[in-house]
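In what follows, a structure is listed as structure tokens, so that the remarks can point back to it.
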Amino acid sequence: MKAIVVAHHGDVDGLEMRDVETPQPKGRQVLVRVHACGVCRRDILVRKSPSRPGLANPLILGHEIAGTVEAVGIDARGFKVGDRVVSTQREYVCGCCNMCRTDREALCADHRFLGQEAMGGNAEFVNVMDDNLARLPANISFEAGSIVGCPVGTSYNAVIDTGAVRPGESVLLTGMGGLGIHAVQIARTCGAFVIAATRSPDKVKALEELGADKVVVATDGRFARGVREATGGRGVDVAIDTVGSAVFHEIRRSVTLGGRIVLVGEVTGQLIEMDMAMIYRRALTIRSATSTSRRQLEAALKLVENGSIKPMVERTMPLADTAIAHRMVEDNAVTGRIVLVP
Ligand SMILES: [Zn+2]
Ligand SMILES: [Zn+2]
């Protein structure tokens, strides 16, 4: 089969189209013919980071996969040839540890991530264990379906499960990239008052169309004042932040007494100084959301199927153009996802 292999770590030059052996499904594996695979910042991070023990060999990136079942291993359950499927971000989880049994299999110590410890979807075929796949409803395209497991599902986790947003609450979303633009839509489905913060005046109309009741534009990144004004001086009940340390103090100032802050990303990795009294005196709670469980993926797929959420695919590109796609993501040339089509 054709695949894009990380021949050496570092620059995009390390990505090479190669003929590699088509995997055969054994045991509970399901062989998926890839119809679409989203390009994630995580792919770029893995490509750029030095090689390390435990990575798949050959290393094929891509964990946001949609396709059809091509063949099933002898013990695979729940899927047959021809089924439309979408991956969780993982190829394998143990299924029996405390994390796996409490809807947090992303934290399973034994998990293998697609495009890292297991070969990923930047290829014509990929092997995935049966319990790391979900059915893709007939009315969702492969391109849209491919990104439900990562940006849509992680936003679902952050807003619904970790943020526990309730009807009538006010919610602030920051960082209007892949996660933020889906988090706005999901917060909308909760019946919350949705505030989106952005540096870019160009994004206001699109964010309103996605469901933001109020868009706070702060070109200098200092959105807290605007957020407080939008909530009558009170501040929001919940802030879902996909930016991290660069905006943490603005987030803290935007949240009301007893409010919740959900961290879903760290863009700059800088250190911050903080008087901890600013957190505990105001009884703030800080939570984190990473990744998507299979249940969250299935729940997010339902919201897409019934039209409540639209996965934001900005463009599709052929698999051969993976390097170009990586460069566009690195240059922040796209807001929605780029999806590769083998
Ligand atoms: Zn991803
Ligand atoms: Zn486990």
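The values are calculated or read from the model by the stated rules, or taken from the named source; none is laboratory data. Treat the numbers as computed from the prediction; the structure is a model and nothing was measured. Cβ coordinates were reconstructed from backbone atoms using ideal geometry, including for glycine residues, and neighbour counts include every protein chain displayed.
Observations on the structure shown:
- The set of residues in segment 186-206 being in a helix (DSSP H, G or I) and surrounded by fewer than 24 Cβ atoms within 10 Å (Cβ to Cβ) consists of R188, T189, P201, D202, K203, V204, K205, A206.
- Residue, farthest from V236 (Cα to Cα), within segment 264-294, restricted to residues that are surrounded by 16 or more Cβ atoms within 10 Å (Cβ to Cβ) and either of a type outside the set (A, V, I, L, M) or touching an Asp or Glu at 6+ places or on another chain (Cβ under 6 Å) (or both): R294
- When P167 is tested against (1) in contact (Cβ under 8 Å) with a residue 40 or more places away in the chain; (2) within 24 Å of T285 (Cβ to Cβ), only condition (1) is not met.
- Those residues of segment 80-101 which are within 20 Å of the chain's Cα centre (by Cα) and either part of a loop (DSSP other than H, G, I, E, B) or farther than 23 Å from T22 by Cβ (or both), in sequence order: T88, Q89, V93, M99, C100
- Evaluated against (1) loosely packed, with under 14 Cβ neighbours inside 10 Å; (2) more than 16 Å from ligand 2 (Cβ to nearest atom); (3) of a type in the set (A, V, I, L, M, F, W, C), L59 falls short on exactly one condition, (1).
- Residue in segment 85-92 that is over 15 Å from F125 (Cβ atoms), basic (K, R) and free of Cβ contacts under 8 Å to residues at least 24 places away in the same chain present: no
- Residue count, segment 235-271 (criterion: free of Cβ contacts under 8 Å to residues at least 40 places away in the same chain, farther than 28 Å from E330 by Cβ and among the charged types (D, E, K, R)): 2
- Residues that are acidic (D, E) and away from ligand 1 (no atom under 16 Å from the Cβ), drawn from segment 88-104: D103
- Members of segment 323-342 found to be crowded, with 16+ Cβ neighbours inside 10 Å and over 19 Å from the mean Cα position of the chain (by Cα), listed by number: A323, P342
- Any strands (runs of 3 or more DSSP E) falling wholly within segment 125-177 and containing at least 3 residues that are assigned by TED's automatic domain parsing to the domain that holds L210 and in contact with a strand residue (DSSP E or B) (Cβ under 9 Å, 6 or more places away or on another chain): 170-174
- From the list R41, R28, the lone residue that is within 16 Å of ligand 2 (Cβ to nearest atom) and either surrounded by fewer than 15 Cβ atoms within 10 Å (Cβ to Cβ) or within 20 Å of Q89 (Cβ to Cβ) (or both) is R28.
- Flag if H35 is more than 16 Å from ligand 2 (Cβ to nearest atom), crowded, with 19+ Cβ neighbours inside 10 Å and not hydrophobic (A, V, I, L, M, F, W, C): yes
- Within segment 216-238, one or more residues are in contact with a strand residue (DSSP E or B) (Cβ under 7 Å, 6 or more places away or on another chain), within 18 Å of T154 (Cβ to Cβ) and part of a strand (DSSP E or B).
- Only a single item in (1) of a type in the set (K, R); (2) under 18 Å from the mean Cα position of the chain (by Cα); (3) at pLDDT 95 or above is not met by R77, and it is number (2).
- Subset of segment 276-327 (residues that are under 29 Å from I4 (Cβ atoms), part of a strand (DSSP E or B) and touching a helix residue (DSSP H, G or I) at 6+ places or on another chain (Cβ under 7 Å)): V313, T316, M317
- Enumeration of residues in segment 119-143 that are within 14 Å of V341 (Cα to Cα) and either buried (at least 24 other Cβ atoms within 10 Å of the Cβ) or within 16 Å of ligand 2 (Cβ to nearest atom) (or both): G120, G121, N122, A123, V126
- When segment 102-118 is limited to residues that are over 16 Å from the mean Cα position of the chain (by Cα) and within 7 Å of ligand 2 (Cβ to nearest atom), the one that is surrounded by the most Cβ atoms within 10 Å (Cβ to Cβ) turns out to be H111.
- Considering the conditions (1) in a loop (DSSP other than H, G, I, E, B); (2) in contact with a Lys or Arg (Cβ under 8 Å, 6 or more places away or on another chain); (3) within 16 Å of ligand 1 (Cβ to nearest atom), G121 is excluded by exactly one of them, (2).
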